[in-house]
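The values are calculated or read from the model by the stated rules, or taken from the named source; none is laboratory data. Everything numeric here is computed off the predicted structure, so don't read it as measured data. Here the Cβ positions follow ideal geometry from the backbone for every residue, glycine too, while neighbour counts run over all protein chains shown. To get the accessible areas, we keep the full protein, side chains included, count just its heavy atoms, and leave off ligands, DNA and RNA. Shrake-Rupley method; radii C 1.70, N 1.55, O 1.52, S 1.80 Å.
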Amino acid sequence: MRVFVTGASGWIGSAVVPELIGAGHQVVGLARSDASAAALAEAGAEVRRGTLDDLDTLRDAAAESDGVIHLAFKHDIAFSGGFEDAADADRRAIDTFGEALAGSDRPFLIASGTLGLAPGQVATEQDGQASGRTGGHLAAGPVKRLANAHATAALADRGVRSSVVRLPPTVHGDGDHGFLATVVAVAREKGVSGYIGDGTNRWPAVHRSDAAHLFRLALENAPAGSTLHAIADQGVPIRAVAEVIGRHLGVPASSVSPDDAAGHFTWLAAFLAMDSPVSSAYTRELLGWQPTGPGLLDDLDKGHYFATPSV
């Protein structure tokens, strides 16, 4: 297939592109900078210059492709107070892709998230669907992003083989600068590897290579309107994560009270306090996906998160 990929040079995209090319697909990657364009060209992809706001570019690229994988999201503004604006831009892109692909039966995949789907319970692919949970317990921005996933799945009724691939908050691997790297940086700065309360709350995770493999399987075989979970570790206790980090940094792992969590972890506190285990049983059965990369704790133990300051 000729596949158009947004976010192709990002953390997930830079693993998805070689996964697709290795399987014989031709990749066209959206690049908003010279550095991104160079990285894509080096990886063997064709470069299409533009941004998520260039809707004509998105429409044309989708129309010229056999499928679309939409990974880009304005994380820079989402985590600096503009999550709703980022979700709105995402929706405009999704609607544009939907219009270009309507009636074609071509695949269209987006990346979404699992965090907050079913707090305190093991979330499944059926949670968070339009006919189930509404996301009323979430803030306005995440509610809009959940609605974007609903809109993508609904494109199945318009002749698009659409799929929503939900990712955990931790997609780990060498080179990660996301949530886990930030947790390591906080522990290094504070001189203590903290966890909130008793630390038994659970954190789902997947290695980047396994997430990329699932995107390829979904592109090739996922049924229209499907929701998939890229989850390898269903739920790792946060205390276990803190203990591995503490051991590598040579600092104690200890509890931070819920009242002090915001001061200690700043914006990470709300996420680290959540109990968010997630199942991928349906996804594995549907597509035969079997994660082979290291689990979260094993990957932490490899040491690459501690080689240099993480962020």
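One residue stands out among those in segment 191-206 that are in a loop (DSSP other than H, G, I, E, B) and among the small types (Gly, Ala, Ser): the one that is surrounded by the most Cβ atoms within 10 Å (Cβ to Cβ), which is GLY199.
Return the total of residues in segment 165-183 being under 30 Å from GLU99 (Cβ atoms), of a type in the set (A, V, I, L, M) and either outside any strand (DSSP E or B) or in contact with a Gly (Cβ under 9 Å, 6 or more places away or on another chain) (or both).
We begin by selecting, within segment 165-183, every residue under 30 Å from GLU99 (Cβ atoms); these are 165-167, 171.
Checking the rest, the ones that are also of a type in the set (A, V, I, L, M) come to 165, 167, 171.
Then drop every residue that is not either outside any strand (DSSP E or B) or in contact with a Gly (Cβ under 9 Å, 6 or more places away or on another chain) (or both), which leaves 167, 171.
Residues in segment 165-183 being under 30 Å from GLU99 (Cβ atoms), of a type in the set (A, V, I, L, M) and either outside any strand (DSSP E or B) or in contact with a Gly (Cβ under 9 Å, 6 or more places away or on another chain) (or both): 2 in total.
If you go through segment 95-113 and keep only what is under 11 Å from LEU71 (Cα atoms) and either aliphatic (A, V, I, L, M) or out of contact with any helix residue (DSSP H, G or I) (no Cβ under 7 Å at 6 or more places or on another chain) (or both), you end up with LEU109, ILE110, ALA111. Going through ARG133, ARG188 one at a time, which residue ends up being among the basic types (Lys, Arg), open to solvent by 10 Å² or more (accessible area, probe 1.4 Å) and modelled with pLDDT of 95 or more? Among ARG133, ARG188, only ARG188 is among the basic types (Lys, Arg), open to solvent by 10 Å² or more (accessible area, probe 1.4 Å) and modelled with pLDDT of 95 or more.
Taking the criterion of being open to solvent by less than 40 Å² (accessible area, probe 1.4 Å) and small (Gly, Ala, Ser), the residues of segment 213-231 that qualify are ALA218, ALA222, GLY225, SER226, ALA230.
Which fully enclosed strands (runs of 3 or more DSSP E) of segment 1-84 have 3 or more residues being among the hydrophobic types (A, V, I, L, M, F, W, C) and crowded, with 17+ Cβ neighbours inside 10 Å?
Here the list reads 2-6, 26-31.
Within segment 241-281, the set of residues being open to solvent by 30 Å² or more (accessible area, probe 1.4 Å), closer than 30 Å to GLU125 by Cα and not in a helix (DSSP H, G or I) comprises ALA273, MET274, ASP275. Exactly one residue among ASP299, ASP210 is of a type in the set (D, E, K, R), farther than 22 Å from VAL122 by Cα, in contact with a Phe, Trp or Tyr (Cβ under 9 Å, 6 or more places away or on another chain) and open to solvent by less than 10 Å² (accessible area, probe 1.4 Å), and that residue is ASP299. Cβ-Cβ contacts under 9 Å between residues 6 or more apart (or on different chains), taken from a first residue in segment 252-274 that is under 17 Å from PHE83 (Cβ atoms) to a second residue that is aromatic (Phe, Trp, Tyr) and open to solvent by less than 50 Å² (accessible area, probe 1.4 Å), are listed as LEU268/PHE179; PHE271/PHE179; PHE271/TRP203; PHE271/PHE265; MET274/TRP203. Considering only residues that are open to solvent by 60 Å² or more (accessible area, probe 1.4 Å) and in contact (Cβ under 8 Å) with a residue 40 or more places away in the chain, look in segment 282-296 and name the one that is nearest to ILE245 (Cα to Cα). Going through the qualifying residues, I end up with THR292.
Does PHE108 qualify as being touching an Asp or Glu at 6+ places or on another chain (Cβ under 8 Å) and in contact (Cβ under 8 Å) with a residue 40 or more places away in the chain?
Judged against the criteria, PHE108 is not a match.
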